[in-house]
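A.B. asks: I am attaching a structure below and will ask some questions about it afterwards.
Each reported figure results from applying straightforward, stated rules to the coordinates on display, with no laboratory input. Just so it is clear, the model here is predicted, and its values are computed rather than measured. All Cβ positions, even for glycine, are placed from backbone atoms using ideal geometry, and neighbour counts span all protein chains on display.
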Amino acid sequence: MKLQKMLSSTAAAALLAGSVATATAQERDMRQFEGTTLDLLYAEISFIPGLKQLLPEFEELTGITVNIETQSEGAARQKAQVESATGSGAFDIVGIQSGNLPLYAQNGWLVPVENYFGTELSDAKTLDLDDFIPSTLDSMSFDDTQYCLPFFAATVILYYQIDKFKEAGITEPPKTFEELLEVAAKVQSEGTPAIALRGSPPSTAGNIWIYNLFLYGEGGKIFADFPDDMNPVLNSPEAEKALETFVTLKRDFAPEGSVNFVFDDVVTAMQQGNVVMAIEGAPLAGRILDPAQSKVAGNLGFAVVPGGPAGPKPSFAGHGLCIAAASDNPEAAYMFLEWATSAENMVKISQNSTYLATPRNSVWENEAFKDKYNFDYGGGSFLEAYQKSLDAAPADYYPPFAAWGLVSDRMGLAVQSAEIGQSTPAEALAAAEADIKEILEDEGYIK
Amino acid sequence: MTDATAAAPLDRALLRRTRGRQNRGYRRFLLPAIVTIVVLTIVPLIFTLGLSLTSLSYSSIRGPRFIGLENYADLFGDARFIASLWQSAVLIFVPLIFQLVFGFMLALVMNERLPGLGWLRVIFIIPMFFPPIVMGLLWKVLFTPQLGGINHYLGLIGISGPAWLSDPTMALISISVAAVWGWTPFVTIMFYTAMQTFPSDLYEASRIDGATWVQRIRFVTLPLLRQTALVVIVFRIMEGLAIFPIIYVMTSGGPAGSTETTNYYAYITGFEFLKVGYASSIILTFLAILVAILAPSTRLVLKNVGERG
């Protein structure tokens, strides 16, 4: 099913790329929307600050003014959803995480970017669809329609302090969950907990972003057979084992209060050397190793996250820029999107900020990019760990359907409930399964 | 006394004669206020009521339907909703009790006009200047172990501090602490200003009768404060919902939903999950409960004010 979908979208992309090549023989009129103003709304994730710095270039090129409004991840998502639902037209361009795309697509809140592929607004060389890592392009499409252009390929890796590992006599990073628990017990010391992991549940960027890698690694599933049989199967031995591992790590080996950790807290803990290990977003390496703030620069190792019987299953999400259906200037918005996500700009942004989560192959190959981000302090190469993780990450890590937010929130509560000892992992999962079944019945996904 | 009873019938007769003319005069001036209330309160309320009777949810694959009272029926089986009601009650009434006690004590201290301690009055009301969101951030910093807040100082004196924000009960206590800190000044000021109006002859008389300081508070100050206390309680319950930003910042309703109040649950359901119909039924039910609690006491307050005036 998944393979079929990926093949078809790749084929569609190839076809489009072909047609684009012929269509853009004539020169584009870059200044046809001169004087237009575009508003963009998204979270302050890396890429956006770097993009802001480049705006004067776009303005000079096209005469279009772009205002970028950023908020915290949750606030931006809620605002975008509410504005979209009411059709307020408050913004022309919206950033979306792949887990949220089905909601937008299903409600008709977006103008698919593919509507403009091959038109006179598009330039095949700038767009260069073939250059995108296929899974990232796929994460920004729904029902075989390309809705958005990806700018961010998110996955997680295992970060660890090389010297602490050496002191504990550990020669290589843990490959399985059992090894992870063993290593945690060995490296933990008074005042320095072994590992930092997210704990706060709300939204798709919370503890489920991490818990699912244990769940999938154990061979567990959320649904009986997504998307054909949407009955939840969280009350399984695999899910329970995964939650037990997660809870043990959080209760015995994580910093005090980490049940409320969001990604910022994990980044800070790792950056300041307050923990020995962290499983956190690879795109955050730039911040963790930021020379101005980091206490672990030069001492950090990188590895693919440990796995279970099903192997390692690193988290995966794409982030993309999309055109709001309520925009008055969708064409100008498209021109901006194509420009913003071009390989040339991604290289520039990788240099002017800590942005490295590029979905473009050519940027990965770029010398300046490699120079800046190929961290290797003797504990494995960062870019290699990142690329391997992207390869191993399941494309549908977040099952693509509109009610995922509801399901992941309920799962997040269950994980937290087990973590604080309010219920056992088995009880928490059984309760979550029952509630999720009800939610999916309410929303019409199961009869 | 006889003067007053004689004047009453005369006033009434005068009123009757002038009523017709007055009506035409003042009604016109009420219009802007009525329009404002209708547009800003009644219309949205009716709209919300309408939404609460539908299944509108943007993550549903079925379109919205009219489902009558189904959302309301669902509420009774929704453990998260029931828990949120209990947590709302805790987070409204627990801080309220402490606000009343501390507010009264601080007002007493201010009222004593101790020489050289005028600056204390300023210190007492400082928390009032903090917007709730800043209050929440401040206390979050103090309660978060990694940020070296309260537990750091407890550690210095050999006490291992509790898991403030990561244990369900402690999280409720932590938010209550922030709320007590933030809104006690309001209670203090209300009590203090009321105390300023108390006739001093009552205190003098009680002193001559040999009442101690404690007895004067018990038999003079407290009975006189009853009216103000009632107003404060009504205000604080109404404003109890203002605790929302503090929850948002300090715990986001966690851990595991243990600090989720009903308005927070409605907010999450509406804006995060986009289950608009269900969220409307949550907030309207909560509103109905609040009105049921507040209506009698509000009437009492208004009646007393009317009698005084």
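A.B. asks: Taking amide H atoms as placed 1.01 Å from N in the peptide plane, list the residues 5 or more away in sequence, or in a different chain, whose amide H sits under 5 Å from that of A:A43.
C.D. replies: Sorted by chain and number, the residues that satisfy this are A:Q71.
A.B. asks: Considering the protein assembly as shown, what Rg and Dmax in Å follow from its alpha-carbon atoms?
C.D. replies: According to the Cα coordinates of the protein assembly as shown, Rg and Dmax are 30.7, 105 Å.
A.B. asks: Using Cα pairs under 8 angstrom and six or more residues apart, how large is the relative contact order of chain B, in percent?
C.D. replies: 27
A.B. asks: Let me ask something else about it. What are the ³J(HN,Hα) couplings of segment A:256-271, residue after residue, when phi is run through the Karplus curve with 6.51, -1.76, 1.60 and θ = phi - 60°? Round to Hz, x for glycine and proline.
C.D. replies: Those phi angles translate into 4, x, 6, 5, 9, 5, 9, 4, 4, 5, 5, 4, 4, 4, 6, 4 Hz.
A.B. asks: Work out from phi, with θ = phi - 60° and the Karplus expression 6.51 cos²θ - 1.76 cosθ + 1.60, the ³J(HN,Hα) of each residue of segment B:143-156, listed in order in whole Hz, and give x for Gly and Pro.
C.D. replies: 8, 8, x, 5, 8, x, x, 4, 5, 4, 6, 4, x, 4
A.B. asks: Express in nm, to one decimal, how much length is gained between B:V39 and B:Q227 on full extension, taking 0.36 nm for each residue of separation and deducting their alpha carbon distance.
C.D. replies: Taking B:V39 through B:Q227 to full extension adds about 64.4 nm, to one decimal.
A.B. asks: Largest first and to the nearest Å, give the Cα extent of chain B along each principal axis.
C.D. replies: 75, 68, 30
A.B. asks: Now, a different point. List the aspartates and glutamates whose alpha-carbon lies under 20 Å from that of B:K140, not counting same-chain residues fewer than 8 positions away?
C.D. replies: Counting by Cα, and skipping residues close in sequence, B:K140 has these aspartates and glutamates nearby: A:E73, A:E256, A:D264, A:D265, B:D167, B:E260.
A.B. asks: All other residues with a Cβ under 12 Å from the Cβ of B:V232 taken together, and with Lys, Arg as +1 and Asp, Glu as -1, what is their net charge?
C.D. replies: With Lys, Arg at +1 and Asp, Glu at -1, the neighbours total +1.
A.B. asks: Right, something else. Mean shadow of segment A:180-279, computed from the convex hull of its alpha carbons, in nm²?
C.D. replies: 6.6
A.B. asks: Separate question: Counting only residues 5 or more places away or on other chains, whose amide H sits under 5 Å from the amide H of A:V66 once H atoms are built in the peptide plane?
C.D. replies: Here the answer is A:L38, since their amide H atoms fall under 5 Å of that of A:V66.
A.B. asks: Could you give each residue of segment B:113-128 its phi-based ³J(HN,Hα) in whole Hz, using Karplus coefficients 6.51, -1.76, 1.60 with θ = phi - 60°, and x for Gly or Pro?
C.D. replies: Per-residue couplings from phi come out as 6, 5, x, x, 10, x, 5, 4, 4, 5, 4, 4, 9, 3, x, 4 Hz.
A.B. asks: So how do B:128-135, A:277-284 stack up, highest first, on mean other-Cβ count within 10 Å?
C.D. replies: My ranking of the peptides, most packed first, is A:277-284, B:128-135.
A.B. asks: Check cross-link reach from A:K447 to the lysines: straight Cα distance under 30 Å, and skip same-chain residues fewer than eight apart.
C.D. replies: A:K2, A:K5, A:K221, A:K241, A:K437, B:K275
A.B. asks: Under a 5 Å amide H to amide H cut-off, with H placed in plane at 1.01 Å, what residues pair with A:T176 once short-range neighbours are removed?
C.D. replies: For A:T176, the qualifying residues are A:G307.
A.B. asks: With an 8 Å Cα cut-off and a minimum separation of 6 or more residues, compute the relative contact order for chain A in percent.
C.D. replies: Computed value for chain A: 25 percent relative contact order.
A.B. asks: Now for a separate question. So how do A:F375, B:F98 line up by other beta-carbon neighbours within 10 Å, fewest first?
C.D. replies: Taking fewest neighbouring Cβ atoms as first place, the list is B:F98, A:F375.
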